[in-house]
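Participant: Take this structure first; my questions come after.
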Amino acid sequence: MSNCDFTDCTVLSPFFSRRMQPISLLTVHCAAGRGTAAGLGELFRAKGKDASSNYGIGTDGSIGMYVPEDCASWCSSSGWNDQRAVTVEVCNSAGPAEGRYDWPVSEESWAALVRLVADVCRRNGKRRVVWLGSRDAALAYAGKNGGGSQRPDELVMTAHRWFAAKSCPGDYLYDRFGALEAEVNRMIASLEEDEMLTGEEIYRRLSEYLRALPAGDYAEEACRWGIKSGLFLDGDNDGLVDNPAGILTRQDLALVLMRQEERKDEQ
Ligand SMILES: [Zn+2]
């Protein structure tokens, strides 16, 4: 099992359990205060609080790892949840009473969160995160009491407040879990598209590019010769060889050279 490779710091917490369940959940928490990823890591190393998370994000957007993904953090007041979840603590940009929402997070933190969660998904074979908007819907879907219809390529979002009398992750983040779902899934889709740029798609794009290139002066004489000799077509009668729908392969070239030799022999 791998971990995020673009973290800014690793501050290992002594508070974790062996992970006995495959990763299937995502729990985003608020740290209830401003701070950096490194500072949050120190907090999770200190005795007394006996708490941790897999990852943390600072107010400045820094990312830290405290508990590797192959272990379960002590984060969500629920062993059932923590055994299955990748947990992420996000530092805040302001306190509970400031502004319209409690515990807002900075744009930098939000961007880091989207990037981190998309990375967690991709490394763990998840093609999308799922936010169902309520405790009952999410826990039923994830099969907390048996059953459940969650697919193995999904990461279902849960909230700390569902498992304890806490406001975590605060209304600001909780009300944006739908936006997080949408942004992460968009990022996963675009990363998948980049990865799929192999074989046929690269060939198609390169062919398109080559076909659109204007013929260079150096090619004109060869074109005239090629058309006159009957080796190439000039369908649009511009005196230039029509570019084929594709890249000239070595096999094509071998064929052209062989035909040329054949014609020489005929003459
Ligand atoms: Zn929490």
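The values are calculated or read from the model by the stated rules, or taken from the named source; none is laboratory data. Model, not experiment: these values are computed from the prediction. Here the Cβ is made from the backbone with ideal geometry for all residues, glycine too, and neighbour counts use every protein chain on show. The protein model used for the area step is the full one, side chains on, heavy atoms only, and it has no ligands, DNA or RNA in it. Shrake-Rupley method; radii C 1.70, N 1.55, O 1.52, S 1.80 Å.
Participant: Restricting attention to segment 125-132, does a residue exist that is in the same structural domain as Cys30 (by TED's automatic domain parsing) and within 16 Å of the ligand (Cβ to nearest atom)?
Facilitator: no
Participant: What tally of residues in segment 4-29 results from selecting those that are under 27 Å from Pro104 (Cα atoms), open to solvent by less than 80 Å² (accessible area, probe 1.4 Å) and within 22 Å of the chain's Cα centre (by Cα)?
Facilitator: Result for segment 4-29: 10.
Participant: Still on this model: With the requirement that a residue be at pLDDT below 95 and within 12 Å of the ligand (Cβ to nearest atom), what does segment 169-191 give you?
Facilitator: Gly170 - this is the single residue of segment 169-191 that is at pLDDT below 95 and within 12 Å of the ligand (Cβ to nearest atom).
Participant: From Val28, Val11, grab the single residue that is closer than 21 Å to Ala94 by Cα and among the hydrophobic types (A, V, I, L, M, F, W, C).
Facilitator: It is Val28.
Participant: Going through segment 20-63 one residue at a time, which ones are of a type outside the set (Asp, Glu) and in a helix (DSSP H, G or I)?
Facilitator: Across segment 20-63, the qualifying residues are Ala37, Ala38, Gly39, Leu40, Gly41, Leu43.
Participant: Could you tell me which numbered condition Ser2 fails, if it satisfies all but one of (1) in the same structural domain as Cys168 (by TED's automatic domain parsing); (2) part of a loop (DSSP other than H, G, I, E, B); (3) in contact with a helix residue (DSSP H, G or I) (Cβ under 8 Å, 6 or more places away or on another chain)?
Facilitator: (1)
Participant: For segment 64-87, give me each residue that is crowded, with 24+ Cβ neighbours inside 10 Å and either acidic (Asp, Glu) or part of a strand (DSSP E or B) (or both).
Facilitator: Gly64, Ala72, Ser73, Asp82, Ala85, Val86, Thr87, listed by residue number.
Participant: Are any residues in segment 68-102 under 21 Å from Trp131 (Cα atoms) and at pLDDT below 95, and if so, which ones?
Facilitator: Across segment 68-102, the qualifying residues are Tyr101, Asp102.
This table checks each residue for (1) within 27 Å of Gly133 (Cβ to Cβ); (2) touching a residue at least 60 places away in the same chain (Cβ under 8 Å).
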| site | (1), (2) |
| --- | --- |
| Met20 | no, yes |
| Thr36 | no, no |
| Glu42 | no, no |
| Ala51 | yes, no |
| Tyr66 | no, no |
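Participant: Inside segment 104-127, can you point out the residues that are touching a Pro at 6+ places or on another chain (Cβ under 9 Å) and surrounded by fewer than 23 Cβ atoms within 10 Å (Cβ to Cβ)?
Facilitator: Correct list: Asn124, Gly125.
Participant: Restricted to segment 176-235, and to residues that are open to solvent by less than 50 Å² (accessible area, probe 1.4 Å) and polar (S, T, N, Q), which residue is nearest to Ala159 (Cα to Cα)?
Facilitator: In this case the residue turns out to be Asn185.
Participant: Any residue at all in segment 128-150 that is touching a Pro at 6+ places or on another chain (Cβ under 9 Å) and modelled with pLDDT under 95?
Facilitator: Within segment 128-150, none of the residues are touching a Pro at 6+ places or on another chain (Cβ under 9 Å) and modelled with pLDDT under 95.
Participant: Could you grab the pairs with beta carbons closer than 8 Å, sequence gap of 6+ or different chains, first residue in segment 148-167 and open to solvent by 30 Å² or more (accessible area, probe 1.4 Å) and part of a loop (DSSP other than H, G, I, E, B), second one within 12 Å of the ligand (Cβ to nearest atom) and among the charged types (D, E, K, R)?
Facilitator: Listed pairs, sorted by first residue: Ser167/Arg161.
Participant: Within segment 88-103, can you find the residues that are closer than 16 Å to Arg161 by Cα and open to solvent by less than 10 Å² (accessible area, probe 1.4 Å)?
Facilitator: Val88, Val90 - these are the residues of segment 88-103 that are closer than 16 Å to Arg161 by Cα and open to solvent by less than 10 Å² (accessible area, probe 1.4 Å).
Participant: So Asn54 passes all but one of these: (1) within 18 Å of Val120 (Cα to Cα); (2) within 13 Å of the ligand (Cβ to nearest atom); (3) open to solvent by 60 Å² or more (accessible area, probe 1.4 Å). Which condition number does it fail?
Facilitator: Of everything listed in (1) within 18 Å of Val120 (Cα to Cα); (2) within 13 Å of the ligand (Cβ to nearest atom); (3) open to solvent by 60 Å² or more (accessible area, probe 1.4 Å), Asn54 misses just condition (3).
Participant: Can you find even one residue in segment 24-44 that is within 12 Å of the ligand (Cβ to nearest atom) and β-branched (Val, Ile, Thr)?
Facilitator: Yes, segment 24-44 contains at least one residue that is within 12 Å of the ligand (Cβ to nearest atom) and β-branched (Val, Ile, Thr).
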